[in-house]
1. Quick test for you: out of 57, 29, 47, pick the one residue that is crowded, with 19+ Cβ neighbours inside 10 Å, touching a helix residue (DSSP H, G or I) at 6+ places or on another chain (Cβ under 6 Å), part of a helix (DSSP H, G or I) and at pLDDT below 85.
2. Inside segment 102-135, can you point out the residues that are modelled with pLDDT of 80 or more, touching a helix residue (DSSP H, G or I) at 6+ places or on another chain (Cβ under 8 Å) and assigned to a helix (DSSP H, G or I)?
3. Based on this model, can you work out whether residue 18 counts as buried (at least 18 other Cβ atoms within 10 Å of the Cβ) and touching a residue at least 60 places away in the same chain (Cβ under 8 Å)?
4. Quick check, is residue 185 part of a helix (DSSP H, G or I), more than 26 Å from residue 15 (Cα to Cα) and either more than 19 Å from the chain's Cα centre (by Cα) or at pLDDT below 80 (or both)?
5. Would a scan of segment 150-171 turn up a residue that is surrounded by 18 or more Cβ atoms within 10 Å (Cβ to Cβ), modelled with pLDDT under 75 and more than 14 Å from the chain's Cα centre (by Cα)?
6. Would you mind stating whether residue 69 is at pLDDT 75 or above and more than 16 Å from residue 162 (Cα to Cα)?
């Protein structure tokens, strides 16, 4: 792969990963509500979800979904409903007087893992993004496996860096969250942002 192509791919990935999509907002929410350790669990889970999407794209499913309105919309609505559900659960979280920990159903490591994994996995635009972007930077006259591996590692590392930045930003307000009214405000804001992200995803149309 020519170095100029890789530089362009890195630049595009850096900008796209920085955008405050559902995964990044979830990382910030986890960092603020649950602390950095569990936020990192969510980051790893989101990366695992992205790996699944990358694998599906490699098999050509990204192209299939992008050409099939029913499949695209089904995935989009499932992802949107899940975000809305998760946002409502966060808004309804009881306030703790001496801790920022969430209810056991939302704060367990297992719950954080699976919720983050499904947030990443349920985004159909992620599947299409990988399926549409990666082929543009691959030289088909050279070994494909190595090129795909380089692009995959580059994306995952860049995405993890931005997830960590969002999680750290959320974690910085942990002290502020010790006040019950601050907890309520943060939970409500985080929940409504996820609900809004779900609604936006549902109403975003069929733009490929």
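The values are calculated or read from the model by the stated rules, or taken from the named source; none is laboratory data. Keep in mind that what you see is a predicted model, and the values were worked out from it rather than measured. Positions of Cβ are backbone-derived with ideal geometry, glycine not excepted, and every protein chain shown enters the neighbour counts.
1. On the way: 29 fails: at pLDDT below 85; 47 fails: at pLDDT below 85.
Among 57, 29, 47, only 57 is crowded, with 19+ Cβ neighbours inside 10 Å, touching a helix residue (DSSP H, G or I) at 6+ places or on another chain (Cβ under 6 Å), part of a helix (DSSP H, G or I) and at pLDDT below 85.
2. Here is the first cut: in segment 102-135, the residues modelled with pLDDT of 80 or more are 108-122.
Still in the running and touching a helix residue (DSSP H, G or I) at 6+ places or on another chain (Cβ under 8 Å): 109, 111-122.
Within segment 102-135, 109, 111, 112, 113, 114, 115, 116, 117, 118, 119, 120, 121 qualify.
3. Considered against the rule, which asks whether it is buried (at least 18 other Cβ atoms within 10 Å of the Cβ) and touching a residue at least 60 places away in the same chain (Cβ under 8 Å), residue 18 comes out as no.
4. Here the answer is yes, as residue 185 does meet what is asked.
5. Looking through segment 150-171, none of the residues is surrounded by 18 or more Cβ atoms within 10 Å (Cβ to Cβ), modelled with pLDDT under 75 and more than 14 Å from the chain's Cα centre (by Cα).
6. On the way: at pLDDT 75 or above: yes; more than 16 Å from residue 162 (Cα to Cα): yes.
Spelling it out, residue 69 is indeed at pLDDT 75 or above and more than 16 Å from residue 162 (Cα to Cα).
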